[in-house]
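Engineer: Here it is, the structure, as structure tokens.
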Amino acid sequence: MKVENIWRADVQQRVFRELVEAFSRPGAIREIGDCIDGAVAQRAVLATLMDGEMTLADPHGQIAPADWPLLQAKPSANEHARYVAASGGRAPDFQPALGSLESPEFGATVLIEVDRLGQGETSLELAGPGINGQRQLRLAGLHPDWLTRRADWVGSFPLGVDVLLSDTRRIVALPRTTQIHISGGVR
């Protein structure tokens, strides 16, 4: 029986390193397709981050039933989960954990799968910590309500969510400190 690459420790270490780089440089696209051997990036990230202590919500049915035992994560309600796997093509119809003033680190990380990173009809101008000046990000397959909801979720900093966008082969991080400008407005 052959084990998929995303479940191997050496591949998970490479994906984890790319996640660290992505969160260090918000809006910068990180390529992970060369090491995940055809798996979808969101699935590879989940394989890397999940263990028996993590809570995970799947409001849009992103996770295959066969993957749950391998992930070992505890299924959780959207508003309590540390991680939420979502589809960017659908409007966000849930409320994630935002943390508390005493423990803002308990805000969720929302993993949103989109059609394409680096090209597409949506153009974002990003600013904030980890970005020298401004950075442009183009993407396709993100329902416009995501930007409005993210703005609401991060509006009471330090509370909020961190977002990790992915397509089939690439990831890009948008921490709660990242400011997003689109169509002349801040999101």
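The values are calculated or read from the model by the stated rules, or taken from the named source; none is laboratory data. None of the values given here were measured: they were computed from a predicted structure. Please note: Cβ atoms are built from the backbone with ideal geometry, for glycine as well, and neighbour counts cover all protein chains shown.
Engineer: Of the residues Ala86, Ala81, Ala64, which single one is under 13 Å from the mean Cα position of the chain (by Cα) and either modelled with pLDDT of 95 or more or among the charged types (D, E, K, R) (or both)?
Structural biologist: Values: Ala81 fails: under 13 Å from the mean Cα position of the chain (by Cα); Ala64 fails: under 13 Å from the mean Cα position of the chain (by Cα).
Answer to the check: Ala86.
Engineer: Select from the stretch 40-98 the residues that are part of a strand (DSSP E or B) and not polar (S, T, N, Q) and list them in ascending order. Give the derivation first.
Structural biologist: We begin by selecting, within the stretch 40-98, every residue part of a strand (DSSP E or B); these are 55-57, 74-75, 83-87, 98.
Scanning the stretch 40-98 gives Leu56, Ala57, Lys74, Pro75, Tyr83, Val84, Ala85, Ala86, Leu98.
Engineer: So which residues in the stretch 159-177 are hydroxyl-bearing (Ser, Thr, Tyr) and part of a loop (DSSP other than H, G, I, E, B), if there are any at all?
Structural biologist: Quick first cut of the stretch 159-177, residues hydroxyl-bearing (Ser, Thr, Tyr) only: 166, 168, 177.
Scanning the stretch 159-177 gives Thr168, Thr177.
Engineer: Just give me the residues in the stretch 104-130 being in contact (Cβ under 8 Å) with a residue 40 or more places away in the chain and at positive phi, in sequence order. Spell out how you get there, then give the answer.
Structural biologist: First, pick out the residues of the stretch 104-130 that are in contact (Cβ under 8 Å) with a residue 40 or more places away in the chain: 104, 107-118, 122-130.
Correct list: Gly118, Gly128, Gly130.
Engineer: What is the residue count in the stretch 107-157 for residues that are within 13 Å of Ala173 (Cα to Cα), β-branched (Val, Ile, Thr) and more than 14 Å from the chain's Cα centre (by Cα)?
Structural biologist: Selection size over the stretch 107-157: 1.
Engineer: Separate question: Condition check: in contact with a strand residue (DSSP E or B) (Cβ under 7 Å, 6 or more places away or on another chain) and in contact (Cβ under 8 Å) with a residue 12 or more places away in the chain. Does Phe16 satisfy that?
Structural biologist: Working: in contact with a strand residue (DSSP E or B) (Cβ under 7 Å, 6 or more places away or on another chain): no; in contact (Cβ under 8 Å) with a residue 12 or more places away in the chain: yes.
So Phe16 fails the test.
Engineer: Let me ask another. Would a scan of the stretch 77-93 turn up a residue that is over 28 Å from Gly130 (Cα atoms), surrounded by 18 or more Cβ atoms within 10 Å (Cβ to Cβ) and not basic (Lys, Arg)?
Structural biologist: Yes, some residue in the stretch 77-93 is over 28 Å from Gly130 (Cα atoms), surrounded by 18 or more Cβ atoms within 10 Å (Cβ to Cβ) and not basic (Lys, Arg).
Engineer: Let me ask another. All but one of (1) of a type outside the set (A, V, I, L, M); (2) assigned to a loop (DSSP other than H, G, I, E, B); (3) in contact with a strand residue (DSSP E or B) (Cβ under 6 Å, 6 or more places away or on another chain) hold for Gly120, so report the exception by its number.
Structural biologist: All conditions pass for Gly120, except number (2).
Engineer: May I ask you to verify whether Arg135 is within 28 Å of Trp68 (Cα to Cα) and either touching a residue at least 24 places away in the same chain (Cβ under 8 Å) or touching a strand residue (DSSP E or B) at 6+ places or on another chain (Cβ under 8 Å) (or both)? Break it down stepwise before answering.
Structural biologist: Numbers: within 28 Å of Trp68 (Cα to Cα): no; either touching a residue at least 24 places away in the same chain (Cβ under 8 Å) or touching a strand residue (DSSP E or B) at 6+ places or on another chain (Cβ under 8 Å) (or both): yes.
Against the criterion (within 28 Å of Trp68 (Cα to Cα) and either touching a residue at least 24 places away in the same chain (Cβ under 8 Å) or touching a strand residue (DSSP E or B) at 6+ places or on another chain (Cβ under 8 Å) (or both)), Arg135 does not qualify.
Engineer: Contact list please: Cβ distance under 7 Å, first residue in the stretch 54-69 and within 16 Å of Gly89 (Cβ to Cβ), second residue aromatic (Phe, Trp, Tyr) and part of a loop (DSSP other than H, G, I, E, B), pairs at least six apart or on different chains.
Structural biologist: Pro59/Phe94
Engineer: For the stretch 144-158, state whether one or more residues are assigned to a strand (DSSP E or B) and under 27 Å from Ala44 (Cβ atoms). If you could, list the steps in order and put the result at the bottom.
Structural biologist: Start the filter on the stretch 144-158 by keeping residues that are assigned to a strand (DSSP E or B), which leaves none.
No, because not a single residue in the stretch 144-158 is assigned to a strand (DSSP E or B) and under 27 Å from Ala44 (Cβ atoms).
Engineer: Filter the stretch 160-187 down to residues that are of a type outside the set (Gly, Ala, Ser) and at pLDDT below 95 and give me whichever is nearest to Tyr83 (Cα to Cα). Talk me through it step by step, then tell me what you get.
Structural biologist: We begin by selecting, within the stretch 160-187, every residue of a type outside the set (Gly, Ala, Ser); these are 161-165, 167-172, 174-182, 186-187.
Those left that are additionally at pLDDT below 95: 181-182, 186-187.
Details: His181: 25, Ile182: 26, Val186: 25, Arg187: 22 Å.
Restricting to residues being of a type outside the set (Gly, Ala, Ser) and at pLDDT below 95, the top hit is Arg187.
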